[in-house]
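S.K.: Take a look at this one; I'll ask things after.
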Amino acid sequence: MLQGINLACVRGDRRLFKAVNFTLEAGGLMQVHGPNGSGKTSLLRMLCGLSNPVLGEITWRGASIRDLKGEYFSELTYIGHLSGTKDDLTVLENLRISSALAGEHISETQARDALAYMGLNGRELLPAKVLSQGQRRRVALARLLVCKTKLWILDEPLAALDITAVKLIQELLERHLAEKGLVVMTTHQAIDVAAISTVHLRLV
Amino acid sequence: MFFWIIQRDLLLAVRRRSDVLTTLFFFVIVVSLFPLSVGPEMNLLRTMAPGIVWVAALLASMLSLGRLFSSDYSDGTLEQMLLSPQSLSILVLGKALAHWLVTGMPLVVMAPVLGIQYDLPADALFVLVVSLLLGTPVLSLIGAIGAALTLGLRGGGVLVSLLVLPLYIPVLIFGAGAVEANMAGISYDAHLSLLGAFLLVSLVLAPWAIAASLRVSLE
C-alpha cells in the first residue's frame with residue numbers, strides 16, 4: 001500500500017541516505033532504525049509529504065502522494081518531534097482542535113474518553129503549558145485514539161513516556177495493526193509490537 | 001474547518017491579551033505623539049492627520065506579523081495544518097482573517113477617537129474609518145505572505161519589513177488619499193473603489209501565495 005522507491009535525501013551538501021526501498025502492506029509495521037542524524041526524521045517527513053525526496057517516489061495505493069495530496073492527508077496521522085499542542089489552550093481544547101484540523105470533529109465526551117484512556121484523567125481543563133513533557137506527549141498521542149486514519153507515521157512516539165504509557169501505546173499500535181492499519185515509526189527504545197508483517201529499515 | 005481555525009486563533013488571542021494590546025497601544029501612542037510634538041496648529045494637524053494615522057496603522061500591523069505563524073511553527077501545529085486534508089489556502093485565509101480581527105479591527109475602532117486629536121471633521125473621520133476598514137485586511141493578507149516567507153529565519157523581523165512595507169505603499173497612498181480628498185472637498189469614491197479592488201485581489205491571491213510560502217518554509 002505504502003511504497004518507497006529508490007528514495008534519496010540531501011540536507012545542505014550532505015547526503016543523508018540514498019536508494020531506500022520498502023513496501024508496506026495493510027497491517028504492516030515499519031520500524032526505522034539508525035543513529036542520530038542518519039535521516040530518520042527526514043524520511044518520515046518525506047513520507048508525510050512535508051518535504052520532497054531529491055530522488056525517487058513515494059506511492060500510496062499505487063498513486064504518487066504528490067498527486068493525491070488531500071486524499072492522502074485524510075488517511076494519514078503524523079505525530080512528530082513537536083507535540084503540536086498549544087501552551088495557552090487546555091488539554092481538552094488541544095485535542096478537539098487538533099482533531100478538527102485533521103478533519104475529524106469529535107464531541108467533548110469522545111475527547112474526554114480518549115484523554116482518560118491516555119491517563120490524563122482530571123487534567124482535561126489544565127492549560128498545556130503546565131504539563132510535563134511526557135504528559136504533552138500523551139495529549140499528542142491521544143489523537144491516535146480519535147482519528148480514524150489508516151496510516152500512522154510516528155516520530156519517536158515513546159520519547160519521554162513512562163513504562164505504563166509505553167504499554168498503552170504498544171496496545172494501541174497492536175490494535176491498529178490488527179485492524180489492517182499501517183504504522184511507520186522510529187524509536188530508540190526496544191518495543192515489541194506484534195504485527196502481521198514487520199519491516200526493519202536501517203539507515204546508516 | 002475555516003471557522004475552527006478562526007475560533008482557535010481568537011481563543012488564543014483572548015488567552016494572551018498582551019499581544020493584542022501591544023499593537024493597539026503602539027498605534028494609539030504613535031498617533032498621539034504627533035500633536036504633542038508638532039504643537040496645537042489646527043490647520044497643520046488636519047493636513048497631516050490622514051497620513052499619520054495610516055502610517056501608524058501600517059507600522060502597528062507590521063509589529064504583530066512576526067507572531068502570525070512563528071508560535072504555530074515552533075510548537076508543531078503548523079506542520080499539522082500542512083497535513084490537514086482541508087486546503088491549506090482556506091486555513092491560512094482563516095488565520096489571516098483572525099489576525100485582522102485581533103490587530104486590524106481594534107485600529108479601525110480606535111481611529112475616529114484618535115482623529116479627534118487632529119480636529120478632523122465628522123465626515124473625514126467617517127471616510128478614515130471606511131478606508132481603514134477596506135485597507136487593514138489587505139495589510140494582514142500581504143503581511144502574512146511576508147511572515148510565511150521569512151518563517152524560521154534569523155532576523156526575520158527586519159526582512160519582513162523590507163519585503164512587506166513596499167507592498168503596503170499603494171494601500172497607504174489610496175487610504176490616506178481618500179481622507180485628503182474628502183477634506184479637499186473632492187470625490188473620494190475612486191480611492192475607496194481602488195482600496196476595495198486591492199482587498200478583492202489580495203483575498204483571492206494572497207491565501208494561495210501564503211500557502212505556497214509556508215510549504216517552502218517548512219520543507
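The values are calculated or read from the model by the stated rules, or taken from the named source; none is laboratory data. On a predicted model such as this, the values are computed, not experimentally measured, just so you know. Don't worry about glycine lacking a Cβ; one is built from the backbone with ideal geometry, like all the others, and counts go over all protein chains shown.
S.K.: Keeping to the range A:148-171, report how many residues are over 13 Å from the mean Cα position of the chain (by Cα) and crowded, with 19+ Cβ neighbours inside 10 Å.
M.R.: 2
S.K.: Let me ask you something else. Yes or no: B:Leu141 assigned to a helix (DSSP H, G or I) and under 17 Å from B:Lys95 (Cα atoms)?
M.R.: Criteria met by B:Leu141.
S.K.: Scan the range A:117-133 and tell me whether some residue there is charged (D, E, K, R) and assigned to a loop (DSSP other than H, G, I, E, B).
M.R.: Checked against the condition, which is being charged (D, E, K, R) and assigned to a loop (DSSP other than H, G, I, E, B), the range A:117-133 yields at least one hit.
S.K.: Could you tell me which residue of the range B:199-219 is farthest from the chain's Cα centre (by Cα), considering only residues that are away from chain A (no Cβ under 14 Å) and surrounded by 20 or more Cβ atoms within 10 Å (Cβ to Cβ)?
M.R.: So the residue we want is B:Ser213.
S.K.: Here is a follow-up. Please enumerate the residues belonging to the range A:93-111 that are surrounded by 16 or more Cβ atoms within 10 Å (Cβ to Cβ) and over 20 Å from the mean Cα position of the chain (by Cα).
M.R.: Once the filter is applied, which keeps residues that are surrounded by 16 or more Cβ atoms within 10 Å (Cβ to Cβ) and over 20 Å from the mean Cα position of the chain (by Cα), the range A:93-111 yields A:Glu93, A:Gln110.
S.K.: How about the range B:1-37: which of its residues are surrounded by 15 or more Cβ atoms within 10 Å (Cβ to Cβ), among the β-branched types (Val, Ile, Thr) and without any contact (Cβ under 8 Å) to a residue 40 or more places away in the chain?
M.R.: Across the range B:1-37, the qualifying residue is only B:Val30.
S.K.: Look at the range A:187-204 and say how many of its residues are assigned to a loop (DSSP other than H, G, I, E, B) and in contact (Cβ under 8 Å) with a residue 24 or more places away in the chain.
M.R.: Selection size over the range A:187-204: 9.
S.K.: Related question: Does the range B:16-41 hold any residues that are over 16 Å from the mean Cα position of the chain (by Cα) and under 16 Å from B:Gly115 (Cβ atoms), and which are they?
M.R.: Those that are over 16 Å from the mean Cα position of the chain (by Cα) and under 16 Å from B:Gly115 (Cβ atoms): B:Ile29, B:Ser32, B:Leu33, B:Phe34, B:Pro35, B:Leu36, B:Val38, B:Pro40.
S.K.: Look at B:Ser193 and say whether it is among the hydroxyl-bearing types (Ser, Thr, Tyr), part of a helix (DSSP H, G or I) and under 30 Å from B:Glu219 (Cβ atoms).
M.R.: no
S.K.: A follow-up question, please. Among the helices (runs of 4 or more DSSP H) lying completely within the range B:1-111, list those that include at least 3 residues that are more than 14 Å from chain A (Cβ to nearest Cβ).
M.R.: The helices (runs of 4 or more DSSP H) meeting that bar are B:17-38, B:42-63, B:65-75, B:88-99.
S.K.: Kindly evaluate A:Leu161 against the criterion of being at pLDDT 90 or above, in contact with a Leu (Cβ under 9 Å, 6 or more places away or on another chain) and not in a strand (DSSP E or B).
M.R.: no
S.K.: In the range A:5-38, which residue that is more than 13 Å from A:Leu151 (Cβ to Cβ) and within 17 Å of the chain's Cα centre (by Cα) is surrounded by the most Cβ atoms within 10 Å (Cβ to Cβ)?
M.R.: Per the criteria, the residue is A:Val32.
S.K.: If you go through the range A:45-53 one residue at a time, do you hit one that is in a helix (DSSP H, G or I), in contact with a Gly (Cβ under 8 Å, 6 or more places away or on another chain) and charged (D, E, K, R)?
M.R.: So far as the range A:45-53 goes, yes, one or more of its residues are in a helix (DSSP H, G or I), in contact with a Gly (Cβ under 8 Å, 6 or more places away or on another chain) and charged (D, E, K, R).
S.K.: Within the range A:72-88, identify whether any single residue is without any contact (Cβ under 8 Å) to a residue 12 or more places away in the chain and away from chain B (no Cβ under 12 Å), and answer yes or no.
M.R.: no
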